[in-house]
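Undergrad: One structure, pasted below without further comment.
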Amino acid sequence: MAAWVPSDALGRRLLCGTEYGTVRYVGSVPPTAGIWLGVEWDDPQRGKHDGTYEGTQYFKCRHPKGGSFIRPNKANFGVDFLTAVKDRYALNDERDVQHGTENTLVFGKKTVEFVGMDSIAEQQRQVQLNQLVDISVRECAVSHAGQKEEISRTCANIRHINLSKNLISMWETVTAIASQVQNLETLNISENKMKFPSTSTSVSSVFSKLRILALNRTEITWAEVLLCAPGWPALEELYLTSNNITVLERPDDVLQTLKLLDLSDNQLLDGNQLHLIAHLPRLEQLILRNTGLSSIHFPDAGFGCKTKMFPSLKRLAINDNKISQWSSINELDKLPSLRSLQCHNNPFMDTEKNPETLRQLIIAKISQLEVLNKSEILPAERKGAELDYRKIFGNDWLAAGGNWNPEKNKPSEEFLAAHPRYPSLCLKYGAPEEGELRGQQPSTLKNQLLTLTIKCPENPEQKPVEKKLPESMTIQRVKGLLYRLLKIPGSELKLSYESSKLEGKEVELDNDLKPLQFYSIENGDCVLVRW
């Protein structure tokens, strides 16, 4: 007897063993007898050809060896949603569907826990379907909604659904399931390669309460996102990683409630694409890891001014990109609400070998930043970074037309483009004194380093530490270093030193702006730390 083939098999998702694929052809393949399914596999290694057999092309594949033919009896076209739920939670008499093993789902920084086979106690086996709130049917071969209204009759209290890595072939299937879940708040349908609407759909109340939606690895385009978005009136978090999205469009009258958007692992055409989503009024977190970004620019605002773009953006992640110029970091100071930045693995970071100096430069360039690369910026660290920046680039400022006399202070456009915060740092701390800048004489690092012993008289358990510090290092920076070394807030530290030549005499290091050499500290002296 011939194996059953669904009437809508073409375009359907299927499982063959553990391999996922999409049906691209249904029919005969001469000279063999019977029906074959031509499959484009998610993993091209599973395939044999591009859909061409014995000189005849039966279907097309993206990969030259991504396709092959299988008999229908080898194909698993999946089960309906409720069958998967009953099996997953041991509420079926027979359990013959492969179980997923993941009980948690990571949304950016948040971990949403779903009730899963591995975490439920024995009494969960007896629980009624209508008591389930969080449901995970990841990797349970779900392909369709099932009988109409059956889900709403039996699962009235569902709020969170993990439908990732199943056999859903089209958005309409998702809508058919969600339409029976009145209070759906969280939905993950990642890793389902499906077809999305190509024209505007009638707006319904199916997703009226949906707050979190994950569409990672679904091959959705941004245009398709915008076509579906009118149906997501309350959406706050949208995850769209690894979808080959290259171009964006301005979302007019949609996604206006969005607080978090993750576009990681999509190679955007250029940095100007960001301007098209820059006016989402409530967007607080934007994740752009590995998006091919090489520059960031907000052309509506000049030096020292704030942009009207991204008015609510507090947290930005631009790790693993191609940003090579510090000018892009300068631009981030234009964002009015930015508080947290992640920027690891960008070429501009290779311009400075010392990671501490690199961190200080970024802190000094972005005025309102409170967290950098997941590490909090304390007031003492910010003050030290800004004072050092003001001093390091002081001679450049003078050479570019800067002057202690406000009437003669006219630094060049080139200097302001490279150091847009410099004028505000001079207003905050005063222009760098002539003596400070004159002291910056070139000398070898070896001559600059002092070997000092660090002791904590009030904490005998803390063993003395020997450190080599530049004699030009300010007390402010020494405190920042000791904060990290001793794990205590730098602002609370009180420093003094004992000279190896004058035993018993202790000199207080009381001016944060002065360098170690100001106090005539020498090799072998002992710095005393109290708090």
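The values are calculated or read from the model by the stated rules, or taken from the named source; none is laboratory data. If you're wondering where the values come from, they're calculated on a predicted model, not measured in any experiment. Backbone-built Cβ (ideal geometry, glycine too); neighbour counts: all protein chains shown. Each accessible area value is taken on the protein alone, full model and side chains, heavy atoms only, with ligands, DNA and RNA left out. Shrake-Rupley method; radii C 1.70, N 1.55, O 1.52, S 1.80 Å.
Undergrad: Quick check: is even one residue across region 6-21 at pLDDT 95 or above, over 34 Å from the mean Cα position of the chain (by Cα), aliphatic (A, V, I, L, M) and open to solvent by less than 40 Å² (accessible area, probe 1.4 Å)?
TA: There is no residue in region 6-21 that is at pLDDT 95 or above, over 34 Å from the mean Cα position of the chain (by Cα), aliphatic (A, V, I, L, M) and open to solvent by less than 40 Å² (accessible area, probe 1.4 Å).
Undergrad: Hey, another quick one. Please specify each residue of region 470-488 satisfying the condition of being over 14 Å from A385 (Cα atoms), of a type in the set (A, V, I, L, M) and part of a loop (DSSP other than H, G, I, E, B). Steps first, please.
TA: First, pick out the residues of region 470-488 that are over 14 Å from A385 (Cα atoms): 470-472, 482-488.
Subsequent filtering for residues that are of a type in the set (A, V, I, L, M) retains 482, 485-486, 488.
Scanning region 470-488 gives a single hit, I488.
Undergrad: A further question follows. Among the residues in region 346-357, are any farther than 26 Å from R250 by Cβ, assigned by the TED database to the domain that holds L268, at pLDDT 95 or above and polar (S, T, N, Q)?
TA: Scanning region 346-357, I find at least one residue that is farther than 26 Å from R250 by Cβ, assigned by the TED database to the domain that holds L268, at pLDDT 95 or above and polar (S, T, N, Q), so the answer is yes.
Undergrad: Something else about it: Which of the residues that make up region 347-386 are open to solvent by less than 40 Å² (accessible area, probe 1.4 Å), over 21 Å from L427 (Cβ atoms) and of a type outside the set (A, V, I, L, M)?
TA: Matches in region 347-386: F348, T357, N373.
Undergrad: Take N162 and decide whether it is surrounded by fewer than 19 Cβ atoms within 10 Å (Cβ to Cβ) and closer than 27 Å to I287 by Cβ. Give the derivation first.
TA: On the way: surrounded by fewer than 19 Cβ atoms within 10 Å (Cβ to Cβ): no; closer than 27 Å to I287 by Cβ: yes.
Here the answer is no, as N162 does not meet what is asked.
Undergrad: Quick check on region 321-343. Is at least one of its residues closer than 22 Å to W222 by Cα and surrounded by 19 or more Cβ atoms within 10 Å (Cβ to Cβ)?
TA: yes
Undergrad: Quick one: which residue in A33, A3, A90 is open to solvent by 70 Å² or more (accessible area, probe 1.4 Å) and at pLDDT below 95? Give the derivation first.
TA: On the way: A3 fails: open to solvent by 70 Å² or more (accessible area, probe 1.4 Å); A90 fails: open to solvent by 70 Å² or more (accessible area, probe 1.4 Å).
Going through A33, A3, A90 in turn, just one is open to solvent by 70 Å² or more (accessible area, probe 1.4 Å) and at pLDDT below 95: A33.
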